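Asks: What follows is a single structure, and I will ask about it in a moment.
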Amino acid sequence: MLDEKDLEKLRKAGRVAANAREKGMAMVKEGVKLFDVAEEVEGYIRSQGCKLAFPCNISVNEIAAHYTPSVNDKLTFEIGDVVKIDCGAHVDGFVGDTAGTVEVGTRRFTDLIDTAKEARNTVMEFIGEGIPVREIGVAVNGTIQKHGFQPIRNLSGHQIKPYCLHAGLSIPNFDDGNDTKLEQGMIIACEPFATNGEGLIVAGRPGNICRIIREGPIADPKLQDFFDYIKEEFSTFPFCARSCDYPNATVLMNKLVRHGILSSYALLVEKKKGCVSQFEHTVYISGKRAEVMTISDAGY
């Protein structure tokens, strides 16, 4: 169990991430740059005394996850886009991870969006100590399929530990047969993905998000200095060049990838190019009913 000091850190990270999520979702309009939304979301998180748990993901239509704008990204939202805003804040390693989905200018995908939200909210009604993780998958799968859509079976929620975004348990979006029970003190991210496609994702092209996978000697002093910067600024968490306050970050990151010190995340794309929606909350397993950490000041 977390002591009260650490619990307050988790609560702050969750609240700030939720407010950042809502700010990002409210900005999604035709003609708005993805870059501007990401900068606003991340700027807000930092302005509230938190650090980034990962770059703001802005994944559109069939891209389920891992798109974040590059430094010179000119991409804008278009009418009919289905946009996932996935962001995270941390305070001393305690993470609030949250996501929501909005549609640009139309209502063609309202049912798909509402279905992922309903699935998340259904889980929030019962998640807590002693719940087998497979029951979460049953609830998500049942909610999504009753509306005629598919959950994405090879994307899941996850346990979170300090300075470790994906730790221990995976939280499935279908019945995976795992009877492991949630325990007091666990931090869990529940994130149903719904699609009108097949319900599977495949790896697309490499994206802009990286993480440190090993440490080793770096001959170039400038490259070593950059590595020291990212280690201090982002620790074990994913990051991108846009989030670095460092000259030529894109070039330096690419060099560290070639050296095998950083690994980049591929874009995750629905196998049949189906549209994807996502909603996510982080919860703390404090008892029979978990405490939801990623509720915004507006109550969402």
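Asks: Can you tell which of I63, I127, T236 lies farthest toward the positive end of the dipole of the chain, using +1 and -1 charges on the Cβ of basic and acidic side chains (Lys, Arg; Asp, Glu)?
Replies: I63
Asks: Now for a different question. Could you give me D for region 1-134, from Stokes-Einstein at 37 °C and 0.692 mPa s, where the hydrodynamic radius is the Kirkwood radius over C-alpha pairs? Units µm² s⁻¹, please. Display every interim value, and only then the final one.
Replies: Details: Rh = 15.8 Å.
Using the Kirkwood radius from Cα pairs, D works out to 208 µm²/s.
Asks: Give me the Debye-computed log₁₀ of I(q)/I(0) at q = 0.14, 0.17 Å⁻¹ for region 206-264, equal point scatterers on Cα only, no solvent, two decimals.
Replies: Ignoring solvent entirely, the Cα scatterers give -0.30, -0.45.
Asks: Let me ask something else about it. Students often get this wrong, so check it: of K84/K181; K12/K231; K12/K273; K9/K272, which have C-alpha atoms separated by over 31 Å? If you can, show how the numbers build up before the last one.
Replies: Details: K84/K181 29 Å; K12/K231 23 Å; K12/K273 37 Å; K9/K272 41 Å.
Beyond 31 Å between Cα atoms: K12/K273; K9/K272.
Asks: Cα centroids of region 24-59 and region 147-162: how far apart, whole angstrom?
Replies: Comparing the Cα centres of region 24-59 and region 147-162, I get a distance of 22 Å.
Asks: Here is a further query. What full-extension length gain, to one decimal in nm, is calculated for R211 and V138 as 0.36 nm per residue of separation minus the Cα-Cα distance? Display every interim value, and only then the final one.
Replies: Details: separation 73, 0.36 × 73 = 26.28 nm, distance 3.22 nm.
Extra length available between R211 and V138 comes to 23.1 nm.
Asks: A follow-up question, please. Set the Förster distance to 25 Å, then compute FRET efficiency between Y246 and D92 from the Cβ-Cβ distance, nearest 0.05.
Replies: Details: r = 23 Å, r/R0 = 0.90.
According to the calculation, E is roughly 0.65.
Asks: Where in region 199-300 are there GluC sites (Glu not before Pro) that are in a DSSP coil and have at most 15 other Cβ atoms within 10 angstrom of their Cβ?
Replies: Those that pass, being in a loop and sparsely packed, are E215.
Asks: Going by Cα centres, region 249-285 and region 104-134 are how many Å apart?
Replies: 22
Asks: Is it possible to state the helix-based mean residue ellipticity at 222 nm for the chain, with each DSSP H run of 4+ residues giving -39500 (n - 2.57), the sum divided by total residues, to the nearest 500 deg cm²/dmol? What is it? Can you show the working numbers first?
Replies: Values: 6 runs with 91 residues, N = 300.
Mean residue ellipticity, 222 nm, calculated: -10000 deg cm²/dmol.
Asks: Here is a further query. Let me check against my output: what whole-number percent is the relative contact order of region 206-264, with C-alpha pairs under 8 Å and at least 6 apart?
Replies: Details: 54 pairs, mean separation 33.1, N = 59.
Relative CO of region 206-264 lands at 56 percent.
Asks: Looking only at the chain, where both bridge partners belong to it, what percent of the DSSP beta bridges are antiparallel (to the nearest 5)?
Replies: Numbers: 49 of 49 bridges.
About 100 percent, rounded to the nearest 5.
Asks: Another question, if that's okay. Name the residues whose placed amide hydrogens come within less than 5 Å of the amide hydrogen of A89, ignoring near sequence neighbours (fewer than 5 apart) on the same chain.
Replies: Counting only residues 5 or more places away or on other chains, the set is A17, A53, G96.
Asks: Next question. Quick check for me: using +1 on Lys/Arg Cβ and -1 on Asp/Glu Cβ, what's the dipole size of the chain about its Cα centre, in debye to the nearest 20?
Replies: Numbers: 35 positive and 41 negative charges, 99 e Å.
It comes to approximately 480 debye.
Asks: Something else about it: Full extension from T180 to R46: what is 0.36 nm times the residue separation minus their Cα-Cα distance, to one decimal in nm? Mind dumping the intermediate values first?
Replies: Numbers: separation 134, 0.36 × 134 = 48.24 nm, distance 3.59 nm.
Value of the extension gain: 44.6 nm.
Asks: Loop-only GluC sites (Glu not before Pro) in region 1-87, please: DSSP not H, G, I, E or B, and at most 15 other Cβ atoms within 10 Å.
Replies: Values: sites: E4, E8, E22, E30, E39, E40, E42, E62, E78; in loops: E30, E62, E78.
Within region 1-87, the qualifying GluC sites (Glu not before Pro) (loop, at most 15 other Cβ atoms within 10 Å) are E30, E78.
Asks: Between S170 and E198, what length comes free when the chain is fully extended (0.36 nm per residue of separation minus the Cα-Cα distance, one decimal in nm)? Before the final figure, lay out the partial values.
Replies: Details: separation 28, 0.36 × 28 = 10.08 nm, distance 2.09 nm.
Length gained, S170 through E198: 8.0 nm.
Asks: Evaluate the relative contact order of the chain (contact order divided by residue number), counting alpha-carbon pairs under 8 angstrom at least 6 apart; express in whole percent. Could the numbers behind the result be given before it?
Replies: Working: 749 pairs, mean separation 74.7, N = 300.
25 percent.
FYI, it's all coordinate maths here, none of it is from the lab. From a predicted model like this one, the values you see are computed outputs, not experimental measurements. Positions of Cβ are generated from backbone atoms using ideal geometry, with glycine treated the same way; all protein chains shown enter the neighbour counts.
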